[in-house]
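J.: Quick one: the structure is below, and I'll ask about it shortly.
The values are calculated or read from the model by the stated rules, or taken from the named source; none is laboratory data. Here the structure is a predicted model, which means the values were calculated and not measured. For neighbour counting, all protein chains shown are included, and Cβ atoms are generated from backbone atoms with ideal geometry for every residue, glycine included. All accessible areas refer to the heavy atoms of the entire protein, side chains included, with ligands and DNA or RNA removed. Shrake-Rupley method; radii C 1.70, N 1.55, O 1.52, S 1.80 Å.
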Amino acid sequence: MKLRFLSIFAAVALVAACESAPEDTGAKAGGGQAPATAAKPSIVPGSEQDFIANVGDRVFFDFDKYNLRSDAKASLDKQVAWLKKYPNYALTIEGHCDERGTREYNLALGERRANSVKEYMVANGLPASRVKTISYGKERPVALGSNEAAWSQNRRGVTVLGK
Amino acid sequence: MLKRLRLAVALLAVAVIGAAVPAAAEVRIDITRGHMRPLPIAIPEFFGGELKDQQMGRDIARVVAADLERSGLFKPVDPRAFIQTVSSLQVGPRFADWRQINAEALVSGTVQTAADGRMRVEFHLWDVLTEEQMTGLGYTASPAGWRRVAHLIADAIYKRITGEDGYFDTQVVYVSESGPKNDRKKRLAIMDQDGENHKFLTDGAELVLTPRFSPTAREITYMSYYKGTPRVYILQIDTARRELLGDFPGMTFAPRFSPDGNKVIMSLAMDGNTEIYEMNLMTRQKRRLTNNPYIDTSPSYSPDGQRVVFNSDRGGAQQLYTMDADGSNVQRISYGDGRYATPVWSPRGDLIAFTKMKGGEFFIGVMRPDGSEERLLTQGFLVEGPTWAPNGRVLAFWKETPSDERGRGMSTKLYTIDLTGYNERQAVTPLDGSDPAWSPLIP
């Protein structure tokens, strides 16, 4: 019984991994998180894909830190400019952490990171009422490895567009 | 469904055959010393006249032996070595037969079903060397409650021989985990301390974290992302009734009950800042206990309810602090290298267990409430979240293994370890598991 469960979940994990593998790149447009090199003609300006591919929806943090690095501020400047141009989107800022901390502390740290992003956006002219925050601590990694390359991708603040 | 509270487990007779006289050479385990030789104990199947009772007697003896073996303090003797038969044992132990196979303690027992369908279970614990009875007890229960009876017997044997309360008639609630690393399905699950009677309490539709028992073990406080909003809830185990705890203006998390069950202490995160609050469950009054721009979280009461240990980065990095239950008289207690987290006060009051991070590794350790006598018990890529068995002698925690860039290799498993740092064992769960919380002894 237990073995059967394990093999099913192992299979799921492998399928998921294959889908995000970089083979067959031409067939998949709008993959999401990779920094786009150029706007594809299929992306509608002002769409969520436009925001993710051409502006970038996330900023990264140093280990156990929540202050915005200069690259994060530059990225948020672009985000704020785009969001001012398309004022109909409400925003949720997700705060995330890497796996090298404890669960409860990371919930608090993720809250700080999300709030850092929000404060920067509000200081640069977005109305506070438009920006919500949520912390996921270390519960929602995007990079799966247990190494610094993955952890640096997981220590992030993500701007999620809503209506 | 097993309604534990309604199980009629009545303790009928203490010292069935006379009071035990403690002898100088009595069988005894001093569990404070650690890594001692496990005591050889013979636990033959309990005698039953009817076929049904025989089967029950076999099952009870097996569960008792497994409980005692898992503690690391006892070594059940292989039943194939037994010389005296189960039926002749009812007349009285032939101690020479048990000495010959090197048993130092012996358990004899009987199972009998009464006319009303309830079963009567009795056992005697014998000191094989002094040939004296150490204890004898009887229990009446519905047959469905046989596992509890077995755990109660194991607790009685453990207590008689070690002098400490047992912890076998207990449950563990934890977060069951499954699925790929970037899409883990997390569900609350509950099971007996030995992994039996496993049951899921939530369906995995939303992220749930950090379940903790109330002192009656019939409620759990935990955190859920129900409807996308992270909040602390209380779940009634028997009715599955779930209640949102308070209308706080932000994320609430890291909840724990007070020892009297009248309060829940937790963290509230608002505008980036995390403070500790208590909520009185009777009056529904909220009280803020910390007030500063730093992270204050993972609060845990001392067993007398007078003090709280918690985790804060107010000193520049994560350290452990204690304060009075009203938030006054704050003292930093951890001063070692590294970061400290998830402090939990022992039910005995003498120690605080914690997670420590240092040099890229995680540790589970204990220290005195004043921060002295720090001892690290185990370490790994990630070990986290200790929880105390009710006798304060054993800890459960979880261990996570690293994964490659595709998430392969990751597993999260529950473990137990002695306070002495020995006898580390994996607890078997149907899927992966994290965030264990050990119940008090079931009332």
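J.: How much length would be gained if the chain were fully extended between A:K132 and A:V44, taking 0.36 nm per residue of separation minus their Cα-Cα distance, in nm to one decimal?
T.: Numbers: separation 88, 0.36 × 88 = 31.68 nm, distance 2.52 nm.
That works out to 29.2 nm of additional length.
J.: For the range B:171-183, in order, what is each residue's ³J(HN,Hα) by Karplus, 6.51 cos²θ - 1.76 cosθ + 1.60 with θ = phi - 60°, in whole Hz (x at glycine and Pro)?
T.: Whole-Hz 3J(HN,Hα) from phi for the range B:171-183: 10, 10, 9, 7, 9, 6, 10, 8, x, x, 4, 8, 8.
J.: How large is log10 I(q)/I(0) at q = 0.10, 0.14, 0.19, 0.22 Å⁻¹ when the Debye formula is applied to the Cα atoms of the range B:64-162, each weighted equally and without solvent?
T.: So the normalised log intensities work out to -0.28, -0.55, -0.99, -1.26.
J.: Right, here's the next one. Just report the Cα centroid separation between the range B:366-443 and the range B:181-215, whole Å.
T.: After rounding, the separation between the Cα centres reads 16 Å.
J.: Further question on the same structure: In Å², and per residue, what accessible area does chain B have when probed at 1.4 Å with the other protein chains present?
T.: Details: 17530 Å² over 443 residues.
On a per-residue basis, 40 Å².
J.: Could you work out how much longer the chain between B:D203 and B:R284 gets when fully extended? Use 0.36 nm per residue separation minus the Cα distance between them, nm to one decimal. Walk me through the numbers on the way to the answer.
T.: Numbers: separation 81, 0.36 × 81 = 29.16 nm, distance 2.86 nm.
Length gained between B:D203 and B:R284: 26.3 nm.
J.: Give the Kirkwood hydrodynamic radius (Å, one decimal) of the range B:173-257, defined as one over the mean of 1/r across all pairs of different Cα atoms. Intermediate values should be presented prior to the final figure.
T.: Details: mean 1/r = 0.0753 Å⁻¹.
Value: 13.3 Å, from the Cα pair sum.
J.: Check which residues have an amide H placed less than 5 Å from B:A42's amide H, if you skip close sequence neighbours.
T.: B:V77, B:E104, B:A105, B:L106, B:V107
J.: In the neighborhood of A:R156, defined by Cβ-to-Cβ distances under 15 Å, what is the net charge if each Lys or Arg adds +1 and each Asp or Glu adds -1? Mind dumping the intermediate values first?
T.: Working: positive: A:R58, A:K65, A:R69, A:K73, A:R100, A:R112, A:R113, A:K118, A:K138, A:R140, A:R155; negative: A:D57, A:D62, A:D64, A:D71, A:E94, A:D98, A:E99, A:E111, A:E139, A:E148.
Its environment carries a net charge of +1.
J.: Could you give the length gained by full extension between B:D404 and B:N291, i.e. 0.36 nm per residue of separation minus their alpha carbon distance, to one decimal place?
T.: Numbers: separation 113, 0.36 × 113 = 40.68 nm, distance 4.12 nm.
In short, 36.6 nm is gained.
J.: Based only on Cα atoms, what Rg/Rh ratio does the range B:212-320 have, Rh being taken as Kirkwood's radius? Please list the in-between numbers first.
T.: Working: Rg = 13.7 Å, Rh = 14.2 Å.
Ratio of gyration radius to Kirkwood radius: 0.96.
J.: Where the eigenvalues come from the Cα gyration tensor of the range A:95-146, what are the semi-axes √(5λ) of the equivalent ellipsoid, largest first, in whole Å?
T.: Details: eigenvalues 121, 22, 13 Å².
So the equivalent ellipsoid measures 25, 11, 8 Å along its semi-axes.
J.: From the phi of every residue in the range A:142-153, what ³J(HN,Hα) in whole Hz does the Karplus formula 6.51 cos²θ - 1.76 cosθ + 1.60 yield, where θ is phi - 60° and glycine or proline is x?
T.: Along the range A:142-153, the couplings run 9, 9, 9, x, 9, 8, 4, 4, 6, 4, 5, 6 Hz.
J.: Evaluated at 25 °C with a viscosity of 0.890 mPa s, what Stokes-Einstein diffusion coefficient in µm²/s does the range B:294-423 have when Rh comes from the Kirkwood expression over alpha-carbon pairs?
T.: Numbers: Rh = 15.0 Å.
The calculation lands on 163 µm²/s.
J.: Per residue of the range B:128-142, in order, report the coupling 6.51 cos²θ - 1.76 cosθ + 1.60 (Karplus, θ = phi - 60°) as ³J(HN,Hα) in whole Hz, putting x for Gly and Pro.
T.: Result, ordered by residue: 5, 6, 8, 6, 10, 6, 8, 6, x, 9, x, 9, 10, 7, 6 Hz.
J.: In square nanometres, what is one fourth of the surface area of the convex hull spanned by the alpha carbons of chain B? Can you show the working numbers first?
T.: On the way: hull surface 93.9 nm².
It is 23.5 nm².
J.: Here's something else I'd like to know. Any chance you could give the angle, 0 to 90 degrees and rounded to 10, that helix B:51-70 forms with the longest Cα principal axis of chain B?
T.: 50 degrees
J.: How large is the direction-averaged shadow of the alpha-carbon convex hull of the range B:80-124, in nm²? Spell out each step's value before the answer.
T.: Working: hull surface 14.8 nm².
Computing the convex hull of the Cα atoms and averaging its projections yields 3.7 nm².
J.: Per residue of chain B, what 222 nm ellipticity follows from adding -39500 (n - 2.57) for every DSSP H run with n ≥ 4, rounded to the nearest 500?
T.: Working: 4 runs with 47 residues, N = 443.
Mean residue ellipticity, 222 nm, calculated: -3500 deg cm²/dmol.
J.: Find out how many positive minus negative residues lie around A:I134, taking Lys and Arg as positive, Asp and Glu as negative, among other residues whose Cβ is under 9 Å from that of A:I134. Don't skip to the end; give the middle numbers.
T.: Details: positive: A:K132; negative: A:E94, A:E111.
For residues surrounding A:I134, the net value is -1.
J.: Give me the percent of DSSP beta bridges within the protein assembly as shown that run antiparallel, rounded to the nearest 5. Please list the in-between numbers first.
T.: On the way: 118 of 131 bridges.
Roughly 90 percent of the beta bridges in the protein assembly as shown run antiparallel, per DSSP.
J.: Let me ask something else about it. With everything on Cα atoms, drop me the angle between helix B:146-162 and the longest principal axis of chain B, reported from 0 to 90° to the nearest 10.
T.: So the helix axis and the longest Cα principal axis differ by about 90 degrees.
J.: Right, another one. Pairs B:K185/B:K227; A:K132/B:K181; A:K65/B:K413; A:K65/B:K227; A:K118/B:K181: which exceed 19 Å Cα-Cα? Write down the numbers at each step before the final one.
T.: Values: B:K185/B:K227 16 Å; A:K132/B:K181 26 Å; A:K65/B:K413 29 Å; A:K65/B:K227 29 Å; A:K118/B:K181 27 Å.
Check vs 19 Å cut-off fails for A:K132/B:K181; A:K65/B:K413; A:K65/B:K227; A:K118/B:K181.
J.: Could you work out, for the range B:265-369, what percent of all Cα-Cα pairs fall into each 5 Å distance bin, beginning at 0 Å and stopping at the bin that holds the largest distance?
T.: 2, 13, 23, 25, 19, 12, 5, 1, 0, 0
J.: OK, next. Spin-label point model (7 Å from Cα, Cβ direction): what's the B:Q426 to A:K84 distance in nm?
T.: 5.6 nm
J.: Stick to Cα atoms and the Kirkwood definition of Rh, then tell me Rg/Rh for the protein assembly as shown. Intermediate results must be reported in sequence, preceding the final value.
T.: Values: Rg = 27.6 Å, Rh = 26.5 Å.
Rg/Rh for the protein assembly as shown comes to 1.04.
J.: Mind listing which trypsin sites (Lys or Arg not before Pro) in the range B:173-243 are in a DSSP loop and have 12 or fewer other Cβ atoms within 10 Å?
T.: On the way: sites: B:K181, B:R184, B:K185, B:K186, B:R187, B:K199, B:R212, B:R218, B:K227, B:R231, B:R241, B:R242; in loops: B:R184, B:R218, B:R241.
Of the trypsin sites (Lys or Arg not before Pro), the ones in loops of the range B:173-243 whose Cβ has at most 12 other Cβ atoms within 10 Å are B:R241.
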